[in-house]
Amino acid sequence: MSNHNYYVYIVASVSRVIYVGVTNNLIKRVEEHKQEVVEGFTKKYKCKKLVYYESFFHVVDAIRREKEIKGWKRFRKIKLIESVNPRWNDLYVEITS
């Protein structure tokens, strides 16, 4: 993993419900999703698998990108995920090894 400070990420459920978020600590945030510590959408739909992420040096850039992706139709989000992760593998393993 790189030394960037901010991340836009997508977590998914087994049935491929997806959630787009932004964080300054990707590992910690994904662990929170996996442990269901935060009430809300990702807990309700069991979005625990990190399927996509991008890193940024500046928080404003990360927030801008998060809003951009959130504004897309679902098929475009899926296309983005599958452009780097066609099998929807859990990238948490990659970022923690």
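Below, the figures for the structure above:
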| quantity | calculated |
| --- | --- |
| Flag for residue 51 being outside any helix (DSSP H, G or I) and either touching a residue at least 60 places away in the same chain (Cβ under 8 Å) or open to solvent by less than 30 Å² (accessible area, probe 1.4 Å) (or both) | yes |
| Qualifying residue in segment 1-19 (condition: polar (S, T, N, Q), open to solvent by less than 70 Å² (accessible area, probe 1.4 Å), at pLDDT below 95 and not in a strand (DSSP E or B)) | yes |
| Pick from segment 74-97, criterion closer than 21 Å to residue 28 by Cα and more than 14 Å from the chain's Cα centre (by Cα), ranking: modelled with the lowest pLDDT | 97 |
| Residue within segment 56-66 that is in a strand (DSSP E or B) and within 12 Å of the chain's Cα centre (by Cα) present | no |
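The values are calculated or read from the model by the stated rules, or taken from the named source; none is laboratory data. In this text, all values refer to a predicted model and were calculated from it rather than measured experimentally. Please note: Cβ atoms are built from the backbone with ideal geometry, for glycine as well, and neighbour counts cover all protein chains shown. The area values use the complete protein model at the heavy-atom level, side chains included, leaving out ligands, DNA and RNA. Shrake-Rupley method; radii C 1.70, N 1.55, O 1.52, S 1.80 Å.
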